[in-house]
Amino acid sequence: MTTAKKILTIALCITCLATGMTGCAKNKDSSDTKAANSSSKTETSDSEKIKELSDNLEKLENTLSDILGEDINNYVSDVDGNVNGEIHPIYDDTAVVEAYKSGDDSKLTDDKDKYILKELKKAVGEIIKDGMSEYDKEKAVYDYVFSQTHFNDDFLVVISDDSDDESYNPYGFFHDHITICVGNATTVKLFFAVLGIESKIIHSTENGEHAWNVVKIDGKWYHVDVTFDGGDEAPDYAYFNVPDAVKDDGSYPWNKEDFPACTATDDCYICKNAKKLDSVYNIPERIKKAMSDNESAIYMSLDVPEGADSVAVAEQVTNIISSIYIDDCYFSSTPVIDAGNKVSFGISVSTSGDDDSDNSYDTDNALGVDYDKLSKAFSDALGIDYEYEPDYSDNNIMGQSL
């Protein structure tokens, strides 16, 4: 039995178990109600119910262990759909890269590697043009990987009887067009390797599994995470060439000693494409233009006011964008890139989705925003009421309005 089928079996059984537990809870509520109305009825003790449930759970575990031929605890999944004890291996692209560069595939003994090589050559021929810079090649690869696959967030994807899940390596990308984060990262690295672009894979497994790339462009290192891109039909480049500060949020830690520091923002997509705004009050007009032009993502930058903290400014910009709401539209912010004297950010515009988030924040008014003025700017540009009610006293640390 393939691992995927094993996991599917477990998932179905756990679903049944969860349903059974829910049923127990409902029966208990019903029993409590009857007991309250009639003291003549004896309620089953909690300890008996717990013992009964424990016995049933033990039977289920034994049954599943018999099915799998091993301890079920080896296959308990985490919230990311990764299975404990089955962290995905990183694909070794050495043989394929050598065959690509030498033009000799005679040393490839694996049919899947041969398939990868064939499709890799075809893809490179399609997307790479003469005269491209390192950055242009990198973006071409990023766009191609994004367009050819979607993130496989359903680890119970249906798999045919005669195949295994290959979503964690380039074969899954080229053959099935289905990848998880490890598949995206290994595919991106493979492209970079044959194009002569230096890159590495960060494979974080401490808080669940996630993998992405660091890449050296024009002598400077950046993080590249295709999986975390927030785009729908097209990329919004939310994690295209971002610095350490963006990725190092505690979600997926990595050993900093094993990888080069990523501190540059020169080739960060958001920074390169950000249009400078005179003030925060220009954001509504910029959004209006984007909606009129059917843009799915827009990029802007704001100067950090003298005396203000750039991190606080970045956080406030994120909060402002998160508070925008128009019927049938949803706005979300890309990471805000702190470049010291300015912050650059993007806004993704979607025509569907609900924003159920709590838009109150406890933070300094680092931008010194007059929210009545900002609300009027949104109303004049977009015909909407903008409501931003942060949980703090507007101490206007700038001593000025922008």
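The values are calculated or read from the model by the stated rules, or taken from the named source; none is laboratory data. All values derive from a computational prediction rather than experimental measurement. Counting neighbours? That spans all protein chains shown, and the Cβs are built from the backbone with ideal geometry, glycine included. For accessibility, only protein heavy atoms count, side chains too; no ligands or nucleic acids. Shrake-Rupley method; radii C 1.70, N 1.55, O 1.52, S 1.80 Å.
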**Prompt:** Across region 113-126, what is the total count of residues that are surrounded by 17 or more Cβ atoms within 10 Å (Cβ to Cβ) and either under 30 Å from GLY230 (Cβ atoms) or hydrophobic (A, V, I, L, M, F, W, C) (or both)?
**Reply:** 5
**Request:** State whether one or more residues within region 343-351 are open to solvent by 20 Å² or more (accessible area, probe 1.4 Å), modelled with pLDDT of 90 or more, touching a Leu at 6+ places or on another chain (Cβ under 9 Å) and assigned to a strand (DSSP E or B).
**Result:** no
**Asked** How many residues does region 263-299 hold that are in contact with a Pro (Cβ under 9 Å, 6 or more places away or on another chain) and either of a type in the set (Val, Ile, Thr) or assigned to a strand (DSSP E or B) (or both)?
**Response** 4
**Message:** Take the residues in region 194-217 that are open to solvent by less than 50 Å² (accessible area, probe 1.4 Å) and hydroxyl-bearing (Ser, Thr, Tyr); name whichever of them is farthest from LEU120 (Cα to Cα).
**Reply:** SER204
**Request:** For GLY340, indicate whether it is modelled with pLDDT of 80 or more, assigned to a strand (DSSP E or B), of a type in the set (Gly, Ala, Ser) and within 30 Å of VAL242 (Cα to Cα).
**Result:** no
**Asked** Of all the residues that make up region 238-271, how many are of a type in the set (Gly, Ala, Ser) and touching a Phe, Trp or Tyr at 6+ places or on another chain (Cβ under 6 Å)?
**Response** 0
**Request:** Can you tell me which residue among LYS220, LYS272 is under 18 Å from ASP143 (Cβ atoms), open to solvent by 30 Å² or more (accessible area, probe 1.4 Å) and out of contact with any Lys or Arg (no Cβ under 8 Å at 6 or more places or on another chain)?
**Result:** LYS272
**Asked** Quick one: in region 312-337, which of the residues that are hydroxyl-bearing (Ser, Thr, Tyr) and in a helix (DSSP H, G or I) is modelled with the highest pLDDT?
**Response** THR318
**Message:** If I go through region 300-328 residue by residue, how many of them are open to solvent by 20 Å² or more (accessible area, probe 1.4 Å) and either touching a Pro at 6+ places or on another chain (Cβ under 7 Å) or not small (Gly, Ala, Ser) (or both)?
**Reply:** 11
**Asked** Restricted to region 134-192, and to residues that are outside any loop (DSSP other than H, G, I, E, B), surrounded by fewer than 18 Cβ atoms within 10 Å (Cβ to Cβ) and within 18 Å of the chain's Cα centre (by Cα), which residue is modelled with the highest pLDDT?
**Response** ASP143
**Prompt:** Just wondering, is there one or more residues in region 91-112 that are buried (at least 19 other Cβ atoms within 10 Å of the Cβ), in a helix (DSSP H, G or I), at pLDDT 95 or above and among the acidic types (Asp, Glu)?
**Reply:** no
